[in-house]
């Protein structure tokens, strides 16, 4: 069957849909549609004729989707959706179905998984929802449709059966990760690498996955909580390095490889083996990875010698209590040691800091900003917890009355950027947004930070060139932020004397979808 995979448009925005917190990013960051790319590759390996269109990256519209589907002769059209774009994506499905009534339509992604019944109820033009990890589900669905077999036999599918919403049995996760296609080959055929930007990596870059799932149990992280589970299922080192070498030889415009695994170093022996093969195979491209702070020095040293230029680390909070409440599985002491080791090895670190956790107060916000200043990562981001459906964070916010809105359209502001939807007993959503804006400025506009970046430009010229581009985007972000009304500094909803006693104590939070159904499948 001919299948068209679609990253839909959203108001003409450069909407970064594949991010863990999808939105329009002021710095210009735009992720590859890598989950769609892997599913497209899997479908092709299964004998189907594929096409892939990325509307936010290419500035395309619904009319362009219809034209592409007609040219391709697509019998099945697969749309990715997210929480903030959910309503608009259903409208896109309806418009495409109206123009191509003989096509079959399917919705995929984390929000589709968590809200599949609502999707089918709201959108009569939607035929199917792939629930969970969808590579095999889409390919199997296409095969059965082409053969005239009932789709009710497809695992991991939501659909209408005799006019009634129905969900089939869960689909097991993919465990033979080397069976996955190389996303880079799909990018080269269907996408334009210069369109994608990751401001903490050299441009142009490519994003690939070396493993799915994450052993950590952070209650807010959407992909392991909703789709991929908490077992780190990995490609073999040989397969990973072979793709890196292929990128180097076949995509000469690429200047860096970005690994978007939730945590690249959970299997430390494997990480060191990849590092050894990178050096043996002559891979010269620098690369980036997401790393937890509990990794040992020997592993970090091996990765650095193999070209690891920068990593992202989730420090999240300056409060040990909040780290426990969010089930982060790390301590402030580990964070300090990690930064010390990275600095000694010459690995740049992008620090991620979040606010809005159980137990958050004005004091813990201050602790988080102070921690960022003490750690001195190469760059930092501050953002509110986004409690996406299917995560423990969403269940916690919903059950305790901390969800500011049930309307998913409100999860993005008028510019498509994330909007805080957490209202706490101690801090309003506006308080949390205002802190993130202020913390971003305070961290990056310090004389000490600016002097350090200038010195870095002299000692590491390539970083200087990258920093110029990132700095230009950052300044534009600040200017745009000042042109918009700043979030109101509303008073806390409860005076300190009215703060629930349990708020400052360790708290138990709900489990996410994949913790409930387990990693064996689903």
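Values computed for the structure shown
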| item | result |
| --- | --- |
| Single match in 23, 75, 41, 47 (criterion: under 27 Å from residue 167 (Cα atoms), in contact with a strand residue (DSSP E or B) (Cβ under 6 Å, 6 or more places away or on another chain) and modelled with pLDDT of 95 or more) | 75 |
| Of all residues making up region 438-448, the number that are in a helix (DSSP H, G or I) and free of Cβ contacts under 8 Å to residues at least 60 places away in the same chain | 4 |
| Region 261-283 - residue that is under 23 Å from the mean Cα position of the chain (by Cα) and assigned to a loop (DSSP other than H, G, I, E, B) and, of those, nearest to residue 34 (Cα to Cα) | 261 |
| Tabulated pairs, region 91-108, first over 19 Å from residue 146 (Cβ atoms), second at pLDDT below 95, C-beta under 7 angstrom, 6+ apart or interchain | none |
| Test: residue in region 379-388 that is assigned by TED's automatic domain parsing to the domain that holds residue 350 and out of contact with any strand residue (DSSP E or B) (no Cβ under 9 Å at 6 or more places or on another chain) | yes |
| Selected residue (only one of 327, 343 is outside the structural domain of residue 109 (by TED's automatic domain parsing) and on the phi > 0 side of the Ramachandran plot) | 327 |
| Looking only at region 141-152, and only at residues there that are touching a residue at least 40 places away in the same chain (Cβ under 8 Å) and surrounded by fewer than 24 Cβ atoms within 10 Å (Cβ to Cβ), the one that is nearest to the chain's Cα centre (by Cα) | 143 |
| Hits in region 51-72 - residues which are in a helix (DSSP H, G or I), closer than 10 Å to residue 8 by Cα and more than 19 Å from the chain's Cα centre (by Cα) | 62, 65 |
| Which numbered condition residue 409 misses (of (1) more than 30 Å from residue 310 (Cα to Cα); (2) not in a helix (DSSP H, G or I)) | (2) |
| Test: residue in region 239-260 that is under 24 Å from residue 175 (Cα atoms) and assigned to a loop (DSSP other than H, G, I, E, B) | yes |
| Filtered residues of region 284-306 (kept if touching a strand residue (DSSP E or B) at 6+ places or on another chain (Cβ under 6 Å) and either surrounded by fewer than 20 Cβ atoms within 10 Å (Cβ to Cβ) or assigned to a helix (DSSP H, G or I) (or both)) | 285, 286 |
| Residue identified as surrounded by fewer than 22 Cβ atoms within 10 Å (Cβ to Cβ) and not assigned by TED's automatic domain parsing to the domain that holds residue 249 among 183, 112, 179 | 179 |
| In region 115-130, the residues that are under 21 Å from the mean Cα position of the chain (by Cα) and surrounded by fewer than 24 Cβ atoms within 10 Å (Cβ to Cβ) | 115, 116 |
| Qualifying residue in region 16-25 (condition: part of a helix (DSSP H, G or I) and surrounded by 21 or more Cβ atoms within 10 Å (Cβ to Cβ)) | no |
| Complete set of residues in region 320-346 that are buried (at least 22 other Cβ atoms within 10 Å of the Cβ) and touching a helix residue (DSSP H, G or I) at 6+ places or on another chain (Cβ under 7 Å) | 322, 335, 342 |
| Sole residue being assigned by TED's automatic domain parsing to the domain that holds residue 456, within 24 Å of residue 310 (Cβ to Cβ) and crowded, with 22+ Cβ neighbours inside 10 Å, chosen from 365, 375 | 375 |
| Breaking point among (1) in contact with a helix residue (DSSP H, G or I) (Cβ under 8 Å, 6 or more places away or on another chain); (2) within 27 Å of residue 261 (Cβ to Cβ), for residue 369 | (2) |
| Condition check for residue 6: outside any loop (DSSP other than H, G, I, E, B), free of Cβ contacts under 8 Å to residues at least 40 places away in the same chain and in contact with a helix residue (DSSP H, G or I) (Cβ under 9 Å, 6 or more places away or on another chain) | no |
| Set 263, 193: member being in contact with a strand residue (DSSP E or B) (Cβ under 7 Å, 6 or more places away or on another chain) and farther than 30 Å from residue 375 by Cα | 193 |
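The rows are residues; the columns are (1) at pLDDT below 95; (2) within 22 Å of residue 24 (Cβ to Cβ); (3) within 23 Å of the chain's Cα centre (by Cα); (4) in a helix (DSSP H, G or I).
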{"site": "339", "(1), (2), (3), (4)": "no, no, no, yes"}
{"site": "350", "(1), (2), (3), (4)": "no, yes, yes, no"}
{"site": "366", "(1), (2), (3), (4)": "no, no, no, yes"}
{"site": "369", "(1), (2), (3), (4)": "no, no, no, yes"}
{"site": "373", "(1), (2), (3), (4)": "no, no, no, yes"}
{"site": "380", "(1), (2), (3), (4)": "no, yes, yes, no"}
{"site": "436", "(1), (2), (3), (4)": "no, yes, yes, yes"}
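The values are calculated or read from the model by the stated rules, or taken from the named source; none is laboratory data. Not measured: the values here are computed from a predicted model. Cβ: placed from backbone, ideal geometry, glycine included. Neighbour counts: every protein chain shown.
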